[in-house]
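Working notes for the structure below.
The values are calculated or read from the model by the stated rules, or taken from the named source; none is laboratory data. Remember, it's a predicted structure, so these values are computed and weren't measured experimentally. Note that we place each Cβ from the backbone using ideal geometry, even for glycine, and neighbour counts take in every protein chain shown.
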Amino acid sequence: MISYLFIMINKKYLLIEKIGNGAFGFIYKGKNYRTGELVAIKIEPIENKTSLLKNESKIYQYLLDTPNIPNLKWYGKDNKNYYMVINLLGKSLDKLIMERNKFSLKVVYQIGIQILTLLKNIHDKGLVHRDIKPDNFLLGIDEECRKLFLIDFGLCKSFLQDDKHIEIRETNGLIGSLTFASINAHKKIELSRRDDLESLGYMLVYLFYGNLPWREIDFSGNEIKKIIKYKTEIINYLDLPIILKEYIIYVRNLEFKEKPNYELFINKFKSQI
């Protein structure tokens, strides 16, 4: 692999170190050579022909100044790669749970309040994220170290067409993370607001227990049916906190086009803190 270190992007962003990678390419910690500001730089090889960064940059631009969403600082390309520059953030919830094993119920509710508020803001702008998972929620840095930020909008899309909610349809395959995808996602049903919220439900259960019963299952072939069964039956767990159980039941009963009552569970979570 070619090292990107000491390469200057857009004549002002210096790559410092690799901090992540995904299906699209790589993420680097970088620095604005002119101001000294630290940033995150996503790099997608042009030869991949996925255009995920192009879509993601448009979403960031559309969500500019939305609370708890990183600001897009620059998007462009050279002969080999597309580049996207956003705020540098801290550790993800996934890294934190690996360090701590699990969170207290109080912290889980605090996280739920922040993320429900964040998702409401995104949904109110006509978008569904479609890849809600702990890896995509990062803490801010310095004075924003207690705030969660949502990243990775490569799969994000609008649920509106001509200002009307899109119709339900079948998709070509599962969209998002196998571990945190909604049951509808497994059934290849188009995702809407309810599915972002269902994924959040599995996330909160994961943060509370430190694991999920289907996490160790081989994700191939007929094993998918086992995952769906586990997800369906999780509300029957005797030690599942009652409000998390109520939350999962509620979001599963939402209709495809229905607007969720975010405040209902924001207030329920607040009442337990």
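Annotations for the structure displayed:
- Close Cβ contacts (under 7 Å, 6 or more residues apart or on different chains) running from residues in the range 52-69 that are without any contact (Cβ under 8 Å) to a residue 60 or more places away in the chain to residues that are among the polar types (S, T, N, Q) comprise Leu64/Asn71; Thr66/Asn121; Pro67/Asn121.
- Boolean, Ile97 is among the β-branched types (Val, Ile, Thr), assigned to a helix (DSSP H, G or I), touching a His at 6+ places or on another chain (Cβ under 9 Å) and in contact (Cβ under 8 Å) with a residue 12 or more places away in the chain: no
- Residues that are in contact with a Gly (Cβ under 8 Å, 6 or more places away or on another chain) and part of a loop (DSSP other than H, G, I, E, B) were ranked within the range 6-49; the one that is nearest to Asp124 (Cα to Cα) is Phe24.
- Within the range 76-83, not a single residue is out of contact with any strand residue (DSSP E or B) (no Cβ under 7 Å at 6 or more places or on another chain) and not assigned by TED's automatic domain parsing to the domain that holds Gly30.
- Any hit, the range 136-147, residues being among the aliphatic types (A, V, I, L, M), touching a helix residue (DSSP H, G or I) at 6+ places or on another chain (Cβ under 6 Å) and at pLDDT 95 or above: no
- Members of the range 211-241 that are at pLDDT below 90 and either touching a Ser or Thr at 6+ places or on another chain (Cβ under 7 Å) or among the small types (Gly, Ala, Ser) (or both): Arg215, Ser220, Gly221
- Selection from the range 7-19 of residues that are within 26 Å of the chain's Cα centre (by Cα) and either surrounded by fewer than 13 Cβ atoms within 10 Å (Cβ to Cβ) or more than 19 Å from Leu52 (Cβ to Cβ) (or both): Tyr13, Leu15, Ile16, Glu17
- Test: residue in the range 167-179 that is in contact with a Phe, Trp or Tyr (Cβ under 7 Å, 6 or more places away or on another chain), among the β-branched types (Val, Ile, Thr), within 23 Å of Tyr60 (Cα to Cα) and modelled with pLDDT of 95 or more: no
- Checked against (1) part of a loop (DSSP other than H, G, I, E, B); (2) of a type in the set (Asp, Glu); (3) surrounded by 14 or more Cβ atoms within 10 Å (Cβ to Cβ), Asp65 meets all criteria but (3).
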